[in-house]
Amino acid sequence: GREFFVTGHSEYAPLTLHAEYLRDVNRGLDSVEMPKNYYR
């Protein structure tokens, strides 16, 4: 048989995590960490 694998989060557009990260940083939230393995 054939197998089909989906990796990542298909519910996120390519720049969504970046926008959410910048939003939280600009709000001055203390618990914001840079997303791991997102930026190369």
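The values are calculated or read from the model by the stated rules, or taken from the named source; none is laboratory data. These numbers were taken from a predicted model, which means no experiment stands behind them. Glycine also receives a Cβ, built like all others from the backbone with ideal geometry; neighbour counts cover every protein chain displayed.
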Residue list for region 9-26, filter: over 12 Å from the mean Cα position of the chain (by Cα) and loosely packed, with under 10 Cβ neighbours inside 10 Å
N26
Do we have any residue at all in region 1-13 that's of a type in the set (F, W, Y), at pLDDT 85 or above and in a loop (DSSP other than H, G, I, E, B)?
yes
I'd like to check something: does region 27-35 contain any residue that is in contact with a Leu (Cβ under 8 Å, 6 or more places away or on another chain) and either surrounded by fewer than 11 Cβ atoms within 10 Å (Cβ to Cβ) or part of a loop (DSSP other than H, G, I, E, B) (or both)?
yes
